[in-house]
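Each reported figure results from applying straightforward, stated rules to the coordinates on display, with no laboratory input. Bear in mind the structure is a predicted one, so any value in this text is a computation, not a measurement. Counting neighbours? That spans all protein chains shown, and the Cβs are built from the backbone with ideal geometry, glycine included.
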Amino acid sequence: MGTLTTLTDEAKIALDTLADRTTGLISPSLRLGVTGLSRAGKTVFITALVHNLIAGGRLPLFEAQKQGRISRAFLEPQPDDAVPRFQYEEHLKALIDEREWPESTRAISELRLTIEYESASSWNRMFSAGRLSVDIVDYPGEWLLDLPLLGKTYADFSKDSFDLARMPAHAELARQWLAEAQTVQPEAEADELTAQRLAKSFTAYLRAGKADEKALSTLPPGRFLMPGDLDGSPALTFAPLPDLKPGSHKAGSLAAMMERRYEAYKTHVVKPFFREHIARLDRQIVLIDAMQAMNAGAPAVADLERALTEILSCFRPGRTNFLTGLVQRRIGRILVAATKADHLHHESHDRLEAIVRRLVDRAIRRAGFSGASIDVLAMAAVRATREATVTQGKETLPVIIGTPLKGEMIDGEIFDGKTETAIFPGDLPKNPESIFEESTHPAHDLIRFVRFRPPKLERTAEGITLSLPHIRLDRALQFLIGDRLA
C-alpha cells in the first residue's frame, strides 16, 4: 500500500501516529478495525463482543477472562469526536429485547471499550497500568475495496471495470450498463445528463450484484453503494468509459470530465479514509459470509476470493519496535472469520474453517501479503440456534433448532417469525477445492440456508439473564487482543 501514498501522505500519517502513541504512553490503547462485506455481521460482532466483556459472558478460550484477571470492562467516550459513535445500546436492545438483527453498517463508526485487568506476569504488573482501551473502528468493507483505486489511473479503472463486468458472474447484471456505455464517445463534448445516466446505470449494476442470490463481493467504487452525504455530488457522478486511449483527454470532453470526477473521488473520499482510519489500525478482523457465496455457486466464491485479495493488499502489515512504532503503525494481526457458523451443525465447522483457510491462502499468495499473523475462524458472534438429533427410520440425523425469520421458506412452508423448527442443514464438501470448481453443484444443493431470529436469552434459576450465546467469539478475542492482556 505504500506505493499508493505520496511523501506528503506518509508525513501526515507519521504525525497522526506520533500523536496517538504519545497519548498511548499515558493511557495504553489498541485500535481494532472491524470490516467485512455486506451482511457478514459486523454490527452483530461488535455488539456481542462488547456485551460479553461488559457482562462477564462465557468466554472459556479468552485467557484473561478464563483466569479471572479482568476486573471490569466498560465504555468510555471515544477519542475521535468527528467520527459517529457506534450505537451499541440501540443494537443490543434490538438483539435482546426485540429479537431482531440490528441494521447493517452504512458508514464508519467508533466505540471505546476499556478493560481493567491484572497481568499474568509479575514483571508486567510492575510496569503496566493494567488498563487497556480498545478503540473499535467499524467500517464497510465496500469502502476498503476502494483503496486499490489510489494506484490506478482513470483509464486503468475503466479497463478493469469492463473486464470484470464481462466475467460470467457479472455479465448478465451489467448488460444494460455495458449497452449504454457503448452508445457514448469518450471524446464527445461533456454533457451532465449523459454523465448522470451512465453513473445511474453503472450504480444499478453494482447494486444488483449485492442481491443475496448473486452474493458478489468485488464491486468498487464502494460509495456508489453507500453514498451517505455525497449522494448526488459530482464526485459520485462518474462511470467507466469504453476504449479509452492512454494519455490526456481533449479539454471539455466527456472523458476529461469523468476523469476529473474520478480523481476527485480518490482525493476527497478514498485518501482521507485511508489516512485517517486504515493507516491507524493495530489489529483487524475481516468478516465474510462464505456460505452465502457458496450458495450462489463457484463464480461468487471466485469473486469473494478476489475481494479478499484486494482487501489484504490494502492493509499495512508488519511489526514495529518501540522507536519505529512512534511514527509507523502496522497491523500485526488479521483474523478472517466466516460468520453464521450456527447455521451448520458443529460437525461441519471444521470444513467451513478449511474452506476459509483455502480462500485466504489463495488470496495471500495473489496479494503477495506478508508481515502479519493471519488466522481463520468459523464463528457466530450471536448463536441463533441450538443442536439436537432426530431419528428418521433407522437413521439419526444431526439438526439445528431455531426460529426462522418471518417470510423464510422451507419445503414450501412460510414461517411467521414465531414458530421454532428443527432443520437438517446438510454437510459442506470435504474437499475445500471443490467450491472453486465450476462443475460443482451450488452449496444450496448440499446445505439448507435459513435465516433465524436472534435467540431468546436463557435465565438462571435465580432469574439472572445470561449473556448472548456465541460460537468461538472467545477464540477471536484471544487472537485479536489476548496478548495485550497477558
* Asked: Considering every Cα-Cα pair within the stretch 386-445, what fraction, in whole percent, is farther apart than 16 Å?
  -> 60 percent
* Structure fact -> By the Cα gyration tensor axes a ≥ b ≥ c (a/c under 1.5 gives rounded; else a/b larger than b/c gives prolate, otherwise oblate), the shape of the chain is oblate
* **Descending semi-axes in Å of the stretch 152-267, equivalent ellipsoid built from Cα gyration tensor** => 22, 16, 13
* Structure fact -> Taking 450, 301, 390 and counting other beta carbon atoms within 10 angstrom, the fewest-first order is 390, 450, 301
* Mind scanning 214/340; 250/271; 200/250; 42/418; 210/340 and naming the pairs with a C-alpha gap bigger than 20 Å? => 250/271; 200/250; 42/418
* Asked: By counting other Cβ atoms within 10 Å of each Cβ, how are 457, 150, 95 ranked from fewest to most?
  -> 457, 150, 95
